[in-house]
1. Looking only at residues that are surrounded by fewer than 17 Cβ atoms within 10 Å (Cβ to Cβ) and under 16 Å from Glu126 (Cα atoms) in the stretch 58-72, which one is modelled with the highest pLDDT?
2. Just the residues that are surrounded by 21 or more Cβ atoms within 10 Å (Cβ to Cβ) and more than 11 Å from Phe79 (Cα to Cα), please, taken from the stretch 94-124.
3. Give me the pairs, please: first residue somewhere in the stretch 104-120 and closer than 12 Å to Ile137 by Cα, second residue anywhere and of a type in the set (Lys, Arg) and not in a loop (DSSP other than H, G, I, E, B), beta-carbon distance under 9 Å, and either six or more positions apart or on two chains.
4. I'm trying to understand the selection: among the residues of the stretch 73-93, which are over 18 Å from Ile137 (Cβ atoms) and surrounded by 16 or more Cβ atoms within 10 Å (Cβ to Cβ)?
5. Can you give me the number of residues within the stretch 80-105 that are over 15 Å from the mean Cα position of the chain (by Cα), closer than 22 Å to Glu35 by Cα and not charged (D, E, K, R)?
6. Just give me the residues in the stretch 113-133 being at pLDDT 90 or above and either in contact with a Lys or Arg (Cβ under 6 Å, 6 or more places away or on another chain) or assigned to a loop (DSSP other than H, G, I, E, B) (or both), in sequence order.
Amino acid sequence: MAILRKTGGMIQTEVVRNTFSATGQWWQLKKKTWEEALKYCREHHNDLASVASETEMMLIQKELKKHNTTEHVWIGLRFLSREWLWVDKQEMGYEAWGDGGKPLCPHPKMKCGALQVTGGTQGVWEAHDCVERLNFICY
């Protein structure tokens with residue numbers, strides 16, 4: 001896999017196994033549960049990624065479409081204390097929930113957020129079972 005780095009207005013590519021980056025975010029082409037992904041991101045990068053704007057969402061989708069990834073990827077979205085929160089404590093100013101809208105009281109197993117990358121309605125967030133094994137995005 002390649003890591004794309006933007007330095008001084010130029011994009012450089014560096015070959016690294018199982019990861020790639022654009023806009024400072026790192027996509028892991030490994031499959032992990034949400035908790036495993038969170039732990040990995042915190043140990044090797046900063047955290048699971050939050051999606052703060054529509055622009056970020058479009059950049060993520062554009063990059064992920066270039067790679068063979070799971071239909072959904074883990075992001076740092078978690079249902080805790082009766083609300084959806086970013087694990088990096090970023091404010092929830094932008095939301096991109098699917099047709100069903102934001103789950104206000106999700107099933108106990110469906111409390112982890114994933115971004116739909118392929119198939120169906122792309123670029124939306126959905127609640128998923130936290131023990132599913134998906135690719136994920138770190139920053």
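The values are calculated or read from the model by the stated rules, or taken from the named source; none is laboratory data. Values in this document were obtained by computation on a predicted structure and should not be read as measured data. Backbone-built Cβ (ideal geometry, glycine too); neighbour counts: all protein chains shown.
1. Looking at residues that are surrounded by fewer than 17 Cβ atoms within 10 Å (Cβ to Cβ) and under 16 Å from Glu126 (Cα atoms), I get Glu71.
2. If the condition is that a residue be surrounded by 21 or more Cβ atoms within 10 Å (Cβ to Cβ) and more than 11 Å from Phe79 (Cα to Cα), then Ala114, Leu115, Val117 are the ones that fit.
3. Note: pairs meeting the criteria are Gly113/Arg78.
4. Phe79, the sole residue that qualifies.
5. Number of matching residues: 5.
6. Val124, Asp129, Cys130, Val131, Glu132, Arg133
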